[in-house]
Amino acid sequence: MKVATFRWGGRRQAGLVSDDGARVTPLALGERAQRLGALALIESMAEGAPVPRAAGPSLPMSAIEPEAPLPMPRRNLFCVGRNYRAHAAELAGSVFRADAAKLDEWPIVFTKVPECVIAPGAAIRLPRGISERIDYEAELAVVIGTGGRDIRASRAMAHVWGYTIVNDVTARDVQMRHSQWDLGKSFDTFCPMGPWLVSADEVDATDLELTCRVNGEMRQHARTSQLIFDIPTLIETCSRGITLYPGDVIATGTPAGVGMGMDPPRWLRAGDVVRIEIEGLGVLENPVA
């Protein structure tokens with residue numbers, strides 16, 4: 001199933017998206033959906049409840065205001081750095097070169113604060129006076145459905161609810177200035193997400209085509225089969241001694257083609273449009289302001 005979060009009639013709701021992506025049917029999730037969007041459904045299913053009945057007729061997408069499927073994640077997003085070899089190679093001459101030899105040892109994991117999540121179509125806002133080196137990163141994101149701790153890779157996929165797309169927008173100079181990456185990754189509006197969640201039974205995430213275009217120009221093109229650390233390994237890593245909860249998000253890393261890797265670098269500017277598409281998951285498009 002595809003599940004979207006949206007506003008209609010002044011209220012936040014979650015609903016099932018039609019196969020052609022043209023309509024959405026609200027689900028009877030009550031006040032939980034008004035607060036949590038699609039997270040209300042994930043938590044309800046984790047408690048053993050079935051998918052609820054429809055709360056009304058289907059609506060055309062043109063009639064609703066889309067939101068991020070998880071408009072306020074329950075906590076920081078887990079994010080993985082340099083998880084495609086070509087991306088690691090394009091940054092090998094930068095400040096990250098010292099870590100190149102450790103590429104295959106452990107995933108690099110950092111976080112983004114939940115408040116930086118924005119909807120499809122919402123503007124990525126440049127933090128003027130703080131950074132002029134704003135970059136895009138197209139990524140497949142995994143959404144946890146069944147929580148757990150110390151989850152083994154061999155059974156990790158049983159904990160996956162589904163997938164969505166995120167843009168791990170990054171202030172590169174701030175990222176490099178600090179020993180940790182969280183500040184440069186967590187500015188307001190720095191995590192576009194969407195357009196909806198797709199359940200794990202609808203898509204095989206092991207080999208999906210991923211593309212990212214800026215103003216129509218192809219910048220990133222890869223397949224998720226090229227991940228250095230696959231989804232089960234990432235879940236095992238993030239759950240080592242840490243309990244994962246329904247609705248937790250793990251962004252799996254970005255492929256080559258980021259602005260920082262170009263010569264000269266090409267940073268996002270006001271008026272740009274970033275369009276990310278992942279096979280089976282839809283299109284996430286956001287302007288830059």
Worksheet item: For region 88-242, what is the convex hull volume of the alpha-carbon atoms per residue, in Å³?
Response: 138
Practice prompt. Determine the percent antiparallel among the DSSP beta bridges restricted to the chain, to the nearest 5.
Written response: 90
Worksheet item: Taking region 132-184, which trypsin sites (Lys or Arg not before Pro) meet the DSSP loop condition and have no more than 13 other C-beta atoms within 10 Å?
Response: R149, R152
Fill in: Per-pair calculated FRET efficiency, R0 = 22 Å: W106 and H221 via Cβ, rounded to 0.05
0.25
Discussion item. If I build a Gaussian network model for the chain, linking alpha-carbon pairs within less than 10 angstrom, which residue out of A158, A256, A63 has the largest mean-square fluctuation?
Written reply: A63
Discussion item. Quick check: at a probe of 1.4 Å, how many percent of the accessible area of the chain sits on carbon and sulfur atoms?
Written reply: 50
Worksheet item: Using 0.36 nm per residue, how much length does the chain from A289 to A55 gain when fully extended, once their Cα-Cα distance is taken away?
Response: 80.6 nm
Practice prompt. Might you tell me the accessible area per residue for the chain, computed with a 1.4 Å probe and given in Å²?
Written response: 43
Worksheet item: To the nearest 10 Å², what's M72's accessible area with a 1.4 Å probe?
Response: 80
Worksheet item: Ordering E90, E47, E139 from largest to smallest accessible area (1.4 angstrom probe), what's the sequence?
Response: E47, E90, E139
Worksheet entry | Extension gain, E202 back to D173 (0.36 nm per residue minus Cα-Cα distance, nm) | 6.5 nm
Practice prompt. Starting from the Cα coordinates of region 1-91, work out the convex hull volume and express it per residue in Å³.
Written response: 151
Worksheet item: What's the center-to-center distance, using Cα atoms, between region 124-178 and region 245-289 in Å?
Response: 10
Fill in: Gyration tensor verdict on region 213-263 (Cα atoms; rounded if a/c is under 1.5, prolate if a/b is larger than b/c, oblate otherwise)
prolate
Worksheet item: How large is the dipole of the chain about the Cα centre if only Lys and Arg carry +1 and Asp and Glu carry -1, each at its Cβ, rounded to the nearest 20 debye?
Response: 680
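The values are calculated or read from the model by the stated rules, or taken from the named source; none is laboratory data. Remember, predicted model here, so these are calculated numbers, not experimental data. Every residue, glycine as well, gets a Cβ built from its backbone with ideal geometry; the counts of neighbours run over all protein chains shown. Ligands, DNA and RNA are excluded from the accessible area calculation, which covers all protein heavy atoms including side chains. Shrake-Rupley method; radii C 1.70, N 1.55, O 1.52, S 1.80 Å.
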